[in-house]
Structures are given as C-alpha cells and as structure tokens.
Amino acid sequence: MEYNYIKSLHLIFVITWFAGLFYIVRLFVYQIEAQQKESPAREILSEQYKIMTKRLWYIITWPSMILATGFAVWLLALRPFWITDAWMQVKLGFVVALIIYHIKCHLIFKAHYNGVYKYSSNWMRMFNEGATLILFSVVFLVILKNAVNWIYGTLGIVVFAILVMLGIKMYKRIREK
C-alpha cells in the first residue's frame, strides 16, 4: 500500500516538474521577443517576465524536481530489483538527460534574469522540444517496458523528433507572414 502512495506522489511531481519545464522555456521565448519591443514596452514586459520566471522556477519547478527525484529514490529503495532491468536503466539515462536539461534551463534563467539573452526565440522553441522528447521516451518506455524492440523504439523517437522540428519550422514561416 505504501508503494502506491509513493508512486502516486512521484507521478504528481513528475507532472508538475514537466509543466514547469515546458512553461519556463515558453517564458524564455517571451523574454527574448520582449527585447525586440520599443521602450517602455520592453522594460515593462522584461520586468513582468522576470517576476513570472522567478516564481515559476523557484516555487514550482525546482521543488517538483527535488520531490520527484526523492520519491523515485524511495520507490527504488522499496523495489531495488528494478535497477537490474534494462528498461529501468534506460529510463534512468533519460532522467539524467532531463536533469541536465533542467540545469541548462537554470543557466538560461540566470542569464535572462541578469539581462543576457544568448539565444533566439526560434532556438528556444526548438530547445523546448527536448523535454517533450524525453517525456515521450520515458512514458513509452515505462508503459511498454520490454514489449518494444529497441531499434523500432529508437527510430520512432528519431522520426518524432524530426516531425517536431519540421513543425517548428513551419510555425516560424506562418508566424513571419
């Protein structure tokens, strides 16, 4: 019974973590695009986005990452035999990638907070899909576990990534018209 409660809490915080990651990068896009505005709109928008990103990042996203990770460790302590399963090892690899993505978001957050904008809004839109690819990979991996041939699974993620990138390029063209 304890296991199901811990698993539920883990899933809730994974969802809020992803929500924070998806939204923070969207706010980065808005911050970058605000820099193209005329004064005083640029300053007003920049200050508002700073407040929004700071609250999202420190009140939702960081705590969600910490709690999701903590509950995951607890689940693995309750079922340590999962560590030997290939699907779990691959999942943990994706979790490491997600933590790296989170840290990269933190570095971008700090740069934006200090008024440094290194990336274009289009680059940031493509970067936002990194979390989407990890989410798709982990969900299919956890649900299907060993039922999917790894070659087809990997090809499926690559095809999905290509389709997402093409969608972003098409959206950019539509936006520019």
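Tally the residues that are hydroxyl-bearing (Ser, Thr, Tyr) and crowded, with 18+ Cβ neighbours inside 10 Å, restricting the search to the range 118-132.
Here the count works out to 1.
Just a yes or no: is a residue in the range 20-33 surrounded by 14 or more Cβ atoms within 10 Å (Cβ to Cβ), at pLDDT below 95 and part of a helix (DSSP H, G or I)?
Looking through the range 20-33, none of the residues is surrounded by 14 or more Cβ atoms within 10 Å (Cβ to Cβ), at pLDDT below 95 and part of a helix (DSSP H, G or I).
Looking only at residues that are without any contact (Cβ under 8 Å) to a residue 12 or more places away in the chain and within 19 Å of LEU98 (Cα to Cα) in the range 1-14, which one is surrounded by the most Cβ atoms within 10 Å (Cβ to Cβ)?
ILE12
Answer with yes or no whether PHE109 is surrounded by 12 or more Cβ atoms within 10 Å (Cβ to Cβ), within 17 Å of the chain's Cα centre (by Cα) and either within 22 Å of TRP57 (Cβ to Cβ) or at pLDDT below 80 (or both).
Considered against the rule, which asks whether it is surrounded by 12 or more Cβ atoms within 10 Å (Cβ to Cβ), within 17 Å of the chain's Cα centre (by Cα) and either within 22 Å of TRP57 (Cβ to Cβ) or at pLDDT below 80 (or both), PHE109 comes out as yes.
When the residues of the range 155-177 are narrowed to those that are in contact with a helix residue (DSSP H, G or I) (Cβ under 7 Å, 6 or more places away or on another chain) and not aliphatic (A, V, I, L, M), which ends up surrounded by the most Cβ atoms within 10 Å (Cβ to Cβ)?
Looking at the filtered set, the residue picked out is PHE160.
What about THR53, is it among the hydroxyl-bearing types (Ser, Thr, Tyr), surrounded by 14 or more Cβ atoms within 10 Å (Cβ to Cβ) and touching a residue at least 60 places away in the same chain (Cβ under 8 Å)?
Against the criterion (among the hydroxyl-bearing types (Ser, Thr, Tyr), surrounded by 14 or more Cβ atoms within 10 Å (Cβ to Cβ) and touching a residue at least 60 places away in the same chain (Cβ under 8 Å)), THR53 qualifies.
The values are calculated or read from the model by the stated rules, or taken from the named source; none is laboratory data. Just so you know, these numbers come straight off a predicted model, no measurement behind them. Neighbour counts run over all protein chains shown; Cβ positions are idealised from the backbone, glycine included.
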